[in-house]
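The values are calculated or read from the model by the stated rules, or taken from the named source; none is laboratory data. Given the structure is predicted, the values throughout are model-derived calculations rather than measurements. Cβ placement follows ideal geometry from the backbone for every residue including glycine, while neighbour counts extend to all protein chains displayed.
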């Protein structure tokens, strides 16, 4: 089932079109050609002949073509002709028989923050922002000690 239309005409990247760079739209985008870059849209349709190499961020994504990169969307549908190589972060996921997926799927709410890989850098940054307890700077303290 294609994304519901808001009455506006979708932006279409035709089969013979190749885009190098990011694609950003507040509306619906249909890609039938090649995109090398990130794609951000409200609703995104990746047609049978399309290949997107980059991160996808959208509310609704329907994949019939190829995607190499992460998909982050509230609702993701992989049709039987889909070929996805990358992780999918979603609230709702539907995968038709025959779809190919090489990656991890993780159900999450879109307003959740990304998990932090390491806490150590945050602790180091917090320590570097700490100020001395008295009015003298660290440089002044070193001079006084000398």
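The residues on offer are 29, 76, and the sole one that is at pLDDT 95 or above, on the phi < 0 side of the Ramachandran plot, part of a strand (DSSP E or B) and within 13 Å of the chain's Cα centre (by Cα) is 76. Of all residues in segment 88-105, those satisfying the criterion of being buried (at least 17 other Cβ atoms within 10 Å of the Cβ) and either outside any strand (DSSP E or B) or over 14 Å from the mean Cα position of the chain (by Cα) (or both) are 93, 95, 99, 101.
Okay, residues lined up against (1) modelled with pLDDT of 95 or more; (2) under 26 Å from residue 9 (Cα atoms); (3) assigned to a loop (DSSP other than H, G, I, E, B); (4) in contact with a helix residue (DSSP H, G or I) (Cβ under 7 Å, 6 or more places away or on another chain):
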{"position": "35", "(1), (2), (3), (4)": "yes, yes, no, no"}
{"position": "41", "(1), (2), (3), (4)": "yes, yes, no, no"}
{"position": "44", "(1), (2), (3), (4)": "yes, yes, no, no"}
{"position": "48", "(1), (2), (3), (4)": "yes, yes, yes, no"}
{"position": "117", "(1), (2), (3), (4)": "no, no, yes, no"}
{"position": "140", "(1), (2), (3), (4)": "no, no, no, no"}
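Selection within segment 12-26: residues that are farther than 18 Å from residue 61 by Cα and within 19 Å of the chain's Cα centre (by Cα). The member of this set that is surrounded by the most Cβ atoms within 10 Å (Cβ to Cβ) is 19.
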